[in-house]
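The values are calculated or read from the model by the stated rules, or taken from the named source; none is laboratory data. Keep in mind it's a predicted model, so treat the numbers as computed, not measured. Cβ placement follows ideal geometry from the backbone for every residue including glycine, while neighbour counts extend to all protein chains displayed. For the accessible areas, the whole protein counts, side chains as well, though only heavy atoms, and no ligand, DNA or RNA atoms are used. Shrake-Rupley method; radii C 1.70, N 1.55, O 1.52, S 1.80 Å.
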Amino acid sequence: MNVNRSWDACVTEQIGNYSWIYYNQPSEYRAGKINSTWYYASRAGIEYYMDPRNFLTESNIFQFEQNTYNASYHTVEALQAFLNNTFMKGNVPEDPSGRTYAQVIYNSGKSRGLSPFNLAARVIQEQGVNGTSAMISGTYPGYEGYYNHYNISASGTTNTEVFRNGLSYAKGKGWNTRTKSLEGGAAFIGNGYILQGQDTLYLQKFDIEHGSSSLHQY
């Protein structure tokens, strides 16, 4: 991609609150401490993670996979196989049509032109294989009956902040069923990122097109 800006300018835009890095990363990749788990990424850390040449490996290359729908390999059967060893292997509780997680996520992707594989992988990344987070329990105090499978707006420096912010967003959107959370989250990611040209995980983390005046990152 020719973005008509220098590498140094793109890296500089990522410095500060745009880029956090985990505490167990090399010290030269960590700048100021945010909390016990996270640091601001240093310039060296941003340069490493922003350079695609460092990630052309069998596993890391998937951050460059297009996140749009492709009928030739996106099928319900393939998605079901992907979900079989997770908390989403069966039916979605209280889905009005009695559908499985695979059917709900597949339909959410296909109808919007999004990769259902990517959508499912995001949920697993956010909620874990076992899905035990309070964000999707439906029982968090003050937000009973609300769900946020994609952890949208779930930001903060403490668990309490994260849960309250994420579930407050879900409540505002009316995500009072798991199905609504899955479908609404897919629409958020599609309309906000994938269908706006940020159609790979790399481009969603590093918005290299829009410039510092309008960085838009997942």
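A compact table of results
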quantity: Complete set of residues in region 1-36 that are open to solvent by 40 Å² or more (accessible area, probe 1.4 Å), of a type in the set (D, E, K, R) and at pLDDT 90 or above; calculated: 8, 28, 30, 33
quantity: Qualifying residue in region 49-68 (condition: of a type in the set (Val, Ile, Thr) and touching a Leu at 6+ places or on another chain (Cβ under 7 Å)); calculated: yes
quantity: In region 63-81, residue surrounded by the most Cβ atoms within 10 Å (Cβ to Cβ) [restricted to those that are modelled with pLDDT of 95 or more and of a type in the set (Phe, Trp, Tyr)]; calculated: 69
quantity: Near pairs, Cβ below 7 angstrom, 6+ apart or cross-chain, from region 58-70 (in contact (Cβ under 8 Å) with a residue 24 or more places away in the chain) to any residue that is assigned to a loop (DSSP other than H, G, I, E, B) and acidic (Asp, Glu); calculated: 66/199; 67/199; 68/199
quantity: Residues located in region 35-64, provided they are within 21 Å of the chain's Cα centre (by Cα), assigned to a helix (DSSP H, G or I) and either at positive phi or among the aliphatic types (A, V, I, L, M) (or both); calculated: 46, 50, 61
quantity: Any pair with Cβ under 6 angstrom, 6 or more apart, that starts in region 127-140 at a residue that is buried (at least 17 other Cβ atoms within 10 Å of the Cβ) and ends at one that is among the aliphatic types (A, V, I, L, M); calculated: 127/136; 140/134; 140/167
quantity: Qualifying residue in region 87-97 (condition: within 30 Å of residue 177 (Cβ to Cβ), at pLDDT 95 or above, basic (Lys, Arg) and open to solvent by 80 Å² or more (accessible area, probe 1.4 Å)); calculated: yes
quantity: Residue check, residue 47 touching a helix residue (DSSP H, G or I) at 6+ places or on another chain (Cβ under 8 Å) and over 30 Å from residue 1 (Cβ atoms); calculated: no
quantity: Candidate set from region 161-192 (those that are part of a loop (DSSP other than H, G, I, E, B) and without any contact (Cβ under 8 Å) to a residue 40 or more places away in the chain); member that is most open to solvent (accessible area, probe 1.4 Å); calculated: 176
quantity: Breaking point among (1) over 17 Å from residue 183 (Cα atoms); (2) without any contact (Cβ under 8 Å) to a residue 60 or more places away in the chain; (3) touching a helix residue (DSSP H, G or I) at 6+ places or on another chain (Cβ under 6 Å); (4) not small (Gly, Ala, Ser), for residue 77; calculated: (3)
